[in-house]
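Peer 1: For reference, the structure I am asking about is given below.
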C-alpha cells in the first residue's frame with residue numbers, strides 16, 4: 001500500500017483551473033520529483049497536500065499504519081500531526097528567533113506538558129524541556145547547524161537558512177517531507193552538497209521525500225520517480241531516464257539540446 | 001540540576017519579598033499626591049502587561065482593552081455596594097475575569113479563524129458595545145455610574161502593596177508562559193503564521209490563549225480602578241482608554257515587559273506633572289510618541305528586557 005495516494009485532485013481559483021485531475025502515488029521511503037514550467041501548478045499541488053488550500057475535487061489518502069486517512073481539506077496543523085512536513089519556496093523561517101527555537105517550535109506538537117504545568121514550572125516541565133533541548137541539538141548537529149544554535153535565523157547565510165528549514169520540518173517527525181525548490185538560489189557546489197544531504201536524510205530518517213525543483217542535475221540525480229506538470233495537468237510520469245526522453249516533456253519543459 | 005532550580009526559585013522569592021517591603025516603605029515616605037501617581041502607574045502597568053502579551057507576544061492587534069477594564073471595574077463596583085472588603089474585592093475580580101474570558105472568547109472564536117487585523121476592528125466594536133450595555137443597565141448605575149467604592153480596612157499603602165504583588169505575579173505568569181513550548185508556539189504565530197501552521201501549531205488556539213490571558217489582566221487592572229478613584233462611570237472606559245494602554249506598550253517596546261513597566265510609570269508621572277495643563281496633555285502625548293518612533297522605532301526597550309544586561313555579562317564570561 002502506498003504511503004500517499006492522490007486521486008483526481010482538482011483546484012480551481014474562480015475560472016482558473018490550477019490543477020486538474022492530478023493522480024499520483026508516493027511509496028514509503030521513496031524520493032519523488034515534481035517538475036514543470038513556472039505556473040504549472042506545482043506549488044498549488046503542494047499547498048493542497050499540506051492543507052493550505054482545500055481541494056475543489058478529488059481525494060488525498062495518507063496511509064496511517066493500518067488504515068488510510070483522507071487528509072484533503074484538513075487544516076495544515078492537523079496534516080502536520082498526521083506526519084507530513086514541508087519547506088517553503090521563499091524561505092519562511094521564524095526570523096526573529098534563534099536557530100534552536102525554530103527547531104523547538106516544530107517539536108511543540110509532541111510536547112507532553114500542558115499550559116498550567118508550564119506556568120507553575122512543575123518537574124514535568126523541566127523534564128520535557130530538557131528532552132526537547134537534547135533532541136533539537138541532536139537534529140541540529142545532524143544538519144551541521146549545531147555551531148549556530150544561538151544565532152537569529154535571519155542572520156544565517158542563505159544556504160544555512162535552507163538547511164534550517166529542512167531541519168525544522170524534520171523536527172515535526174514526519175513520514176513524508178515536501179521540499180519546495182530546496183536548491184533555488186544555490187550555486188552548483190551548494191546544490192551538490194544539498195543533493196547528498198537529501199539522500200542522507202531519506203536514509204537516516206527512513207522517510208519519503210517529494211521535491212519540486214528546477215535544477216535538473218539535482219532531480220535526475222536524486223529522484224527515483226518523476227511527475228511532470230504542465231498547465232495544471234499531469235503530462236508524464238516515470239523514472240528519470242524515461243522522463244529525459246519523453247517527447248511531451250521535452251516540448252513543454254526540458255527543451256531540445258541545441 | 002533540580003537543586004539549582006529550587007535555589008534559583010528561593011533567591012527570586014527573597015528578592016520579591018524584599019522589594020515589596022522596600023517599595024511599600026518608600027511609598028509611605030512620599031507625599032500623597034505622588035502616592036496617587038504610583039497607584040495609577042501600577043494600574044496602567046497591570047493593564048499594559050496584558051496588552052503587551054496580546055500585541056507583543058502573539059502579534060495580534062487589539063483595541064478593546066477599555067472594554068475588559070470596564071468589566072473588571074464594574075464587577076468589583078457592584079460587589080462593593082454590599083461588601084467592600086478584601087473578600088468582596090477578590091470575588092469581584094474573579095467574577096470580572098470570568099465575564100471577560102467569556103466575552104473575549106466570543107470575539108476570538110470568529111476573528112481568530114481569519115488571518116490579519118480583524119481583531120482590531122472586532123475588539124474596537126466590542127469595547128464600545130460593552131460600554132453602551134453598561135450605560136443602559138440598572139445594576140451598573142447607568143450613565144451616572146457607581147460611587148462609594150472605597151476599600152474597607154485597606155488604605156492607599158495597602159492597595160499599593162496589593163498592586164505591586166499583582167504586577168509581580170502577572171510578570172511571573174507571562175514570563176513562565178512565554179518561556180515554555182506553548183509560549184514559543186504563540187511567538188511563532190507572530191513571526192510567521194503560515195509557517196507556524198505548517199509546523200503543526202494550532203495558531204487559532206494560541207492566539208486565543210494569549211488573548212484570554214491578556215484580557216483577564218485588563219479585568220484585574222479594572223478591578224483596582226474603582227477603589228482607586230472611589231467612583232466609576234461608563235465615560236471612563238471610552239476608546240481613549242484603550243489608546244492610553246496602547247501608548248504604554250508602544251512606548252516601552254512591544255514584547256518587552258520591562259518596557260511596559262517603565263512606560264506605565266512614565267505615563268503616570270507625566271500625567272501628574274501635566275494635571276494643570278490637561279489641554280496640552282494629548283499634544284505632548286502625541287509629540288512623545290512621534291519622537292519615540294523617530295529615535296527608537298521599536299520602543300524604548302525594543303524587545304529586550306532589563307535582565308538581558310545580566311545575561312550578556314554571563315555569556316561574555318564563558
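Yes/no per residue for (1) more than 17 Å from residue B:47 (Cα to Cα); (2) touching a strand residue (DSSP E or B) at 6+ places or on another chain (Cβ under 6 Å):
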position: B:114; (1), (2): yes, no
position: B:125; (1), (2): yes, no
position: B:135; (1), (2): yes, no
position: B:138; (1), (2): yes, no
position: B:145; (1), (2): yes, yes
position: B:163; (1), (2): no, no
position: B:169; (1), (2): no, no
position: B:175; (1), (2): no, no
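Peer 1: Can you tell me which residues in segment A:61-79 are closer than 15 Å to residue A:208 by Cβ and in contact with a helix residue (DSSP H, G or I) (Cβ under 7 Å, 6 or more places away or on another chain)?
Peer 2: A:71
Peer 1: Considering segment A:62-102 alone, what residues qualify as being within 18 Å of residue A:207 (Cβ to Cβ), without any contact (Cβ under 8 Å) to a residue 60 or more places away in the chain and more than 9 Å from chain B (Cβ to nearest Cβ)?
Peer 2: Those that are within 18 Å of residue A:207 (Cβ to Cβ), without any contact (Cβ under 8 Å) to a residue 60 or more places away in the chain and more than 9 Å from chain B (Cβ to nearest Cβ): A:64, A:65, A:69, A:71, A:82.
Peer 1: Looking at (1) touching a helix residue (DSSP H, G or I) at 6+ places or on another chain (Cβ under 8 Å); (2) closer than 30 Å to residue B:201 by Cα, find the lone condition where residue B:120 falls short.
Peer 2: So the condition that residue B:120 fails would be (1).
Peer 1: Here's another thing I want to ask about it. Select the helices (runs of 4 or more DSSP H) contained entirely in segment B:204-318, then report the ones holding at least 2 residues which are crowded, with 17+ Cβ neighbours inside 10 Å and at pLDDT below 85.
Peer 2: Output list is empty.
Peer 1: How many residues, within segment A:116-140, are facing another protein chain (nearest Cβ under 10 Å) and under 30 Å from the mean Cα position of the chain (by Cα)?
Peer 2: Total satisfying the criteria: 4.
Peer 1: I'd like the residue in segment A:20-59 that is within 15 Å of residue A:73 (Cα to Cα) and touching a helix residue (DSSP H, G or I) at 6+ places or on another chain (Cβ under 7 Å) and, out of all such residues, is farthest from the other protein chains (Cβ to nearest Cβ).
Peer 2: Only one residue fits best here, namely A:55.
The values are calculated or read from the model by the stated rules, or taken from the named source; none is laboratory data. Predicted, not measured: the structure shown is a model, and the values here were computed from it. Cβ sites come from the backbone with ideal geometry, for glycine too, and all protein chains shown count toward neighbours.
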